[in-house]
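> Quick one: the structure is below, and I'll ask about it shortly.
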Amino acid sequence: MKVSVIVIGDELLIGQVVDTNSGWIARHISPYGWEVNDVQTVGDNADEIRRSIDRAFELSSVVLTTGGLGPTKDDITKSVLCDYFGGEMVTDNSVTENVNRIFARRGIKMNPLTAAQAIVPSSCRVIQNRVGTAPIMWFEREDGKVLVSMPGVPFETSTMMSEAVFPALRERFPSPVHIEHAVLMVTDYTESGLAMKISAWEESLPEHLHLAYLPKPGLIRLRLDGHHEDVAFIREEVARELAVLKDILGPAVLADEDLTPAEILLKECIEKGVTISTAESCTGGNIAHELTLIPGASEVVNGGVVSYSNGVKVNVLGVSAADIDANGAVSIPVVRQMAAGAQRVASSRLAVATSGIAGPGGGSEEKPVGTVCICARLDDKELYETAHFNGSRARIIDSATTRALILAIKLIKEL
């Protein structure tokens, strides 16, 4: 089944807000045997919205729209949909009750603008929004094609797509084909280098199996998709081919789940009972931030030191001032001592340390902007390297964070 996505809002066209809804929908819709074949971004303009809907229905059986359902004057999607599908604007009492419940939990009184969220086209079927005030609206044409209108808030869209919209679409459009997915998170290869490494295996895949390369800074997500009517058959075949691929790539495989490096490391630490700490200079606490974003981090994350100044490196982490003078703060001897100091200060078995030049200034011919020294230390065992990253200051910090986490993953996987 073909699906079109329309994201609505002037803020998207001027770059004030970045659309994440269409990407989320595309990633999560394929397991149902459906395909997003068109994505459009339009402003809060009635004629443009109507033209986008016409185009979407020419291409697809299902149209998913996000945005334009708020209570302010610039949110016109509901009135456009009422005009497009016919009927009149009516008050849906179930939406009023839902909004009242949400506001009561927050200790807020509902104002007239919010009360207007309950006014919907009579031609739609309302699906209650458990996490927001704007309802989801389901429209169906005489030819059976469907449009589902959802709020533009990403959290609301993803939650209600998962809980209500996907199940309703699956019931309305059952697919005889089962799609099985498997994922490997791979490091230490460029995309082209990885493709060359596994080319013989990839060329041997049958037509109902497909491999996708999804590169990110520092790692590549390999997704193996299988399509077949026989669920047991395709699950077994995907699992078998994934095992072959893991054997080919060996230690370059960080995980066989779709996890971030921080999630992989935290999972390994929890499973093996290994505590972790950080000592960060150029990454400024970003490694600790990534780890503590994850539920369960308190089981193993002991703490961290943002040792931005040389004084903190020396006085808190115990780095030798003489080594800083001789080698510079951005050096392997310094990050090795930083990691050992983090172990001592936070009483952890595993520690990760970074020191580098994130830019845009501060670089030299010997150590240009993007130079980052990294050390991961588990008990008395170490992995360390000097890495070179490109891009903006934020990108260098993110890249250094990812690489530091990867070194720690490699170290703990040897346990």
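The values are calculated or read from the model by the stated rules, or taken from the named source; none is laboratory data. Computed from a prediction, not measured in an experiment: that's the story for all the values here. We place every Cβ from the backbone using ideal geometry, glycine too, and count neighbours over all the protein chains shown.
> Are any residues in segment 356-381 among the hydrophobic types (A, V, I, L, M, F, W, C) and under 21 Å from Ser309 (Cβ atoms), and if so, which ones?
First, the residues of segment 356-381 that are among the hydrophobic types (A, V, I, L, M, F, W, C): 357-358, 369, 372-376, 378.
Of everything in segment 356-381, those that are among the hydrophobic types (A, V, I, L, M, F, W, C) and under 21 Å from Ser309 (Cβ atoms) turn out to be Ile357, Ala358, Val369, Val372, Cys373, Ile374, Cys375.
> How about segment 18-100: which helices (runs of 4 or more DSSP H) wholly inside it have at least 3 residues that are within 22 Å of Phe155 (Cβ to Cβ)? First the steps, then the outcome.
Values: elements: 21-29, 46-59, 77-85.
Here the list reads 21-29.
> Between a first residue in segment 89-116 that is closer than 14 Å to Gln128 by Cα and aromatic (Phe, Trp, Tyr) and a second residue that is at pLDDT 85 or above and in a strand (DSSP E or B), which pairs have beta carbons less than 8 Å apart while being 6 or more apart in sequence or on different chains?
Partner pairs satisfying both residue conditions: none exist.
> I want to confirm something. Restricting to segment 123-162 and keeping residues that are of a type in the set (Asp, Glu) and under 18 Å from Val3 (Cβ atoms), which single residue is surrounded by the most Cβ atoms within 10 Å (Cβ to Cβ)?
Step one: of segment 123-162, the residues of a type in the set (Asp, Glu) are 140, 142-143, 156.
From what's left, under 18 Å from Val3 (Cβ atoms): 140, 143.
Working: Glu140: 15, Asp143: 7.
Top of the filtered list is Glu140.
> Continuing with the same structure: Which of the residues that make up segment 256-293 are hydrophobic (A, V, I, L, M, F, W, C), surrounded by 16 or more Cβ atoms within 10 Å (Cβ to Cβ) and within 26 Å of Ala394 (Cα to Cα)?
Leu259, Ala262, Ile264, Leu265, Leu266, Ile276, Ala279, Cys282, Ile287, Ala288, Leu291
> Further, regarding this structure: Does at least one position in segment 166-184 carry a residue that is among the polar types (S, T, N, Q) and assigned to a strand (DSSP E or B)?
Filtering segment 166-184 for residues among the polar types (S, T, N, Q) gives 175.
Then drop every residue that is not assigned to a strand (DSSP E or B), which leaves none.
No, segment 166-184 contains no residue that is among the polar types (S, T, N, Q) and assigned to a strand (DSSP E or B).
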